Amino acid sequence: MTLTACGPDDSPSASGSSSSASGASQATAGSGAGGTATAGTASGSQGSAGGGSGAGGGSAAGAACRTANLSFSSSGGMAEGEVLINLKNVGSRACSLHGFPGVDLKGRDGTVSAGRSKMAAPTVTLSAGQSTNFTLHYPPNNSGGSGVTFTSVVVTPPNETHSHTMSLGINVPADSNSAPTITVDPVGAGK
């Protein structure tokens, strides 16, 4: 499965490859493995579906940052229930990011696609070696129960068709009545 994130208009560009991901899907524990327990719902009515330009290679100034030219890491956010996903331009030229990333949290109980916050998306230009980030928001599990644990995150930069998977431990409440929501801010919104 290939995930795609689009810019502000959410329209797929003319690309040789097509893929989709749902930004407003209901997470079902054990999805793809026959499970049926609901883990929560991702908020947002707009999905992170669409196509990117898909062109590989080096980035020119003003060109969109490609997954192959970015390194990914995570760090603690400003509050409980927040994680910063850091993106660093490891290419030799400047590139830009504009829009929301595609984010899927994966664990043994299934996958949850993060919805989008209501923040406006800035355009961020990264010179070689520069970094930016986006915030992943989730409801922390303070219920005292075991909750639902995600062990990795699949990130697709805006306007890109290639994803990067990284380890990330997040535990959210399992109570389906509270319908935990997981959302992302646009890249560079916190800077």
Next on the checklist: Please list, ordered by chain and number, the residues whose modelled amide H lies under 5 Å from the amide H of Ser152; skip anything fewer than 5 residues away on the same chain.
Outcome noted: Lys106, Leu168
Checklist outcome for this item: Expressed in nanometres to one decimal, the distance between label points 7 Å along Cα→Cβ at Glu82 and Thr165 is 2.9
Checklist entry - Roughly how many nanometres apart are two label points built 7 Å out from the Cα toward the Cβ at Ser71 and Ser92? => result 1.8
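None of the figures in this text is laboratory data; all of them are computed from the coordinates on show. Please read all numbers here as calculations on a predicted model, not as lab measurements. A quick note on method: Cβ atoms are made from the backbone with ideal geometry, for glycine too, and the neighbour counts reach across all protein chains shown.
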